[in-house]
1. If I ask for residues that are among the hydrophobic types (A, V, I, L, M, F, W, C), modelled with pLDDT under 90 and surrounded by 14 or more Cβ atoms within 10 Å (Cβ to Cβ), which ones from the range 31-52 would you list?
2. Inspect the range 78-98 for any residue being in a strand (DSSP E or B), open to solvent by less than 10 Å² (accessible area, probe 1.4 Å) and either of a type in the set (Phe, Trp, Tyr) or modelled with pLDDT of 95 or more (or both) and give the result as yes or no.
3. Test each condition in (1) in contact with a helix residue (DSSP H, G or I) (Cβ under 9 Å, 6 or more places away or on another chain); (2) not in a loop (DSSP other than H, G, I, E, B) for His102 and report the one that comes out false.
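The values are calculated or read from the model by the stated rules, or taken from the named source; none is laboratory data. Computed from a predicted structure; not experimentally measured. So basically every Cβ, Gly included, is an ideal-geometry build from the backbone, and we count neighbours across all protein chains shown. Keep in mind that these areas ignore ligands, DNA and RNA; they rest on the heavy atoms of the full protein, side chains included. Shrake-Rupley method; radii C 1.70, N 1.55, O 1.52, S 1.80 Å.
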Amino acid sequence: MRYLVREKLFAVGDDYWIEDDRGRKAYLVDGKVLRLRDTFELKDAHGRVVAVVKEKMLTVRDAMKIEDADGEVVATVREKLFTPFRDKYLVELASGGELKIHGNLIDKDYRIENQHGDDLARISRKWFRIRDTYGVEIADGADTGLLLAVAACVDHLVHEDD
C-alpha cells in the first residue's frame with residue numbers, strides 16, 4: 001500500500017490527513033500544541049490512536065520515541081553515533097532488534113528494512129508531482145502505523161538538522 005504524506009508534519013498544532021493511493025483519508029496526524037516538545041498522535045480513519053510520537057528531551061543524540069495507544073514505548077528513532085556520509089538514523093525496537101534506514105534522507109529517497117535486510121517501507125517523493133509531499137510504500141504484512149510514524153520522525157529529525 002502506498003500513502004501520500006505532507007512534509008514537515010510537526011508545524012505547531014498542524015493536523016493533516018495521510019491519504020492512501022486511492023486518495024482516501026487513511027491516517028490523521030494530530031499535532032499537539034502547548035507542549036514543551038514536539039508531539040503528535042497518529043490516528044486511523046476511525047479516530048483510534050495508532051501511535052504517539054514524542055521528541056526526547058535532553059539527549060546527546062537527536063531522538064524521538066514512538067508509543068502505542070497505551071503509552072508503551074514501541075520504538076525509538078535516533079541518530080547513529082558515527083555516520084560518515086549516509087544512513088544517519090536507526091530505529092531501536094522495544095521488543096528487541098532494530099530497523100535500518102538507508103538512502104538519501106534529505107531528498108526523501110530511502111528505505112526502512114528489518115535486521116534481515118528485508119524492505120519494510122520505501123519512501124520517495126519521486127512518485128508524486130505534488131509539492132511538499134512524499135510517498136510511503138509499506139510492504140505487505142508490515143506494521144503500517146509504526147512505519148508511517150518512523151517516516152514522520154525521520155522527516156522531523158532531518159528538518160531539525162537543516
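1. Of the range 31-52, the ones among the hydrophobic types (A, V, I, L, M, F, W, C) are 33-34, 36, 40, 42, 45, 49-52.
Add one more test, that the residue is modelled with pLDDT under 90, and what stays is 33-34, 36, 40.
Answer for the range 31-52, where residues must be among the hydrophobic types (A, V, I, L, M, F, W, C), modelled with pLDDT under 90 and surrounded by 14 or more Cβ atoms within 10 Å (Cβ to Cβ): just Phe40.
2. Within the range 78-98, the subset in a strand (DSSP E or B) is 78-79, 89-93, 98.
After this cut, where a residue has to be open to solvent by less than 10 Å² (accessible area, probe 1.4 Å) as well, the list is 89, 91.
Filter again for either of a type in the set (Phe, Trp, Tyr) or modelled with pLDDT of 95 or more (or both), leaving 89, 91.
Yes: the range 78-98 contains one or more residues that are in a strand (DSSP E or B), open to solvent by less than 10 Å² (accessible area, probe 1.4 Å) and either of a type in the set (Phe, Trp, Tyr) or modelled with pLDDT of 95 or more (or both).
3. Condition not satisfied by His102: (1).
Yes or no, residue by residue, for (1) surrounded by 20 or more Cβ atoms within 10 Å (Cβ to Cβ); (2) under 16 Å from the mean Cα position of the chain (by Cα); (3) farther than 13 Å from Val5 by Cβ; (4) of a type in the set (D, E, K, R):
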{"residue": "Asn114", "(1), (2), (3), (4)": "no, yes, yes, no"}
{"residue": "Gly117", "(1), (2), (3), (4)": "no, no, yes, no"}
{"residue": "Lys126", "(1), (2), (3), (4)": "no, no, yes, yes"}
{"residue": "Asp132", "(1), (2), (3), (4)": "no, yes, no, yes"}
{"residue": "Asp143", "(1), (2), (3), (4)": "no, yes, yes, yes"}
{"residue": "Leu146", "(1), (2), (3), (4)": "yes, yes, yes, no"}
{"residue": "Ala152", "(1), (2), (3), (4)": "yes, yes, no, no"}
{"residue": "His159", "(1), (2), (3), (4)": "no, yes, yes, no"}
